[in-house]
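The values are calculated or read from the model by the stated rules, or taken from the named source; none is laboratory data. Note that the structure is a prediction, hence the values are computed from the model and not measured. Cβ sites come from the backbone with ideal geometry, for glycine too, and all protein chains shown count toward neighbours.
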Amino acid sequence: MAAPTMPMMTGFHEEALTQGVIWRRVVAWWIDVALVGLLFGAAWFALVVFGVLTFGLSLPLMALLPLVPLVYHVGWITGLGATPGQALMGLAVRENASLARPDFLEALISTLVFYATIMVSFIPLAIIPFTTRKRALHDLVAGVVVVRIRAL
């Protein structure tokens, strides 16, 4: 099986893919933080109510709450190619080589490395302006790129 090749693009089209992506990613992240917070709160409330109704037998399910952000990001990126925040900001996550939607493994790796990066510090995100296609560390590891939907 042949390796995927980079689509033919002119310099202008290549620049349009990532023009203004950095600030859009920041705003999209804050939108996603708010949405994940709402989902987390709703899941917590539902599990507490369920815990009361089951006389505490279901309270161990609370251990699943940390999976909410992971499921949110991987699910949206795998399904639609962007989280709601990214979509609102006109962004999409794509495979770097073919600009196709990322598969489950790429979305999972990107999300896990992203969360590992922000748990340590935001400093690894500082490489974005200096990389080809404005890619962060988690993008490079997963083989994805965040691009403007309009430029696709």
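Each row is one residue, and each column tells you yes or no for (1) in a helix (DSSP H, G or I); (2) surrounded by fewer than 17 Cβ atoms within 10 Å (Cβ to Cβ); (3) modelled with pLDDT under 95; (4) of a type in the set (Phe, Trp, Tyr).
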position: 61; (1), (2), (3), (4): yes, yes, no, no
position: 68; (1), (2), (3), (4): yes, no, no, no
position: 78; (1), (2), (3), (4): yes, no, no, no
position: 82; (1), (2), (3), (4): no, no, no, no
position: 97; (1), (2), (3), (4): no, yes, yes, no
position: 105; (1), (2), (3), (4): yes, yes, no, no
position: 118; (1), (2), (3), (4): yes, yes, yes, no
position: 150; (1), (2), (3), (4): yes, yes, yes, no
In the stretch 13-25, the residues that are surrounded by 13 or more Cβ atoms within 10 Å (Cβ to Cβ) and part of a helix (DSSP H, G or I) | 14, 16, 17, 18, 21, 22, 24, 25
Determine whether residue 141 is over 23 Å from residue 40 (Cβ atoms), of a type outside the set (Ser, Thr, Tyr) and not in a helix (DSSP H, G or I).
-> no
Inspect the stretch 42-49 for any residue being over 27 Å from residue 132 (Cβ atoms) and crowded, with 18+ Cβ neighbours inside 10 Å and give the result as yes or no.
-> yes
Before we move on, is residue 110 among the hydroxyl-bearing types (Ser, Thr, Tyr) and surrounded by fewer than 15 Cβ atoms within 10 Å (Cβ to Cβ)?
-> no
Of the residues in the stretch 84-95, those that are in a helix (DSSP H, G or I) and either surrounded by fewer than 16 Cβ atoms within 10 Å (Cβ to Cβ) or not small (Gly, Ala, Ser) (or both) come to 84, 86, 88
Number of positions in the stretch 8-59 that are free of Cβ contacts under 8 Å to residues at least 12 places away in the same chain, of a type in the set (Ser, Thr, Tyr) and under 19 Å from residue 99 (Cα atoms) = 1
Note on the stretch 56-95: residues touching a helix residue (DSSP H, G or I) at 6+ places or on another chain (Cβ under 7 Å) and not hydrophobic (A, V, I, L, M, F, W, C) are 58, 69, 72, 73, 78, 83, 84, 85, 86, 90, 95
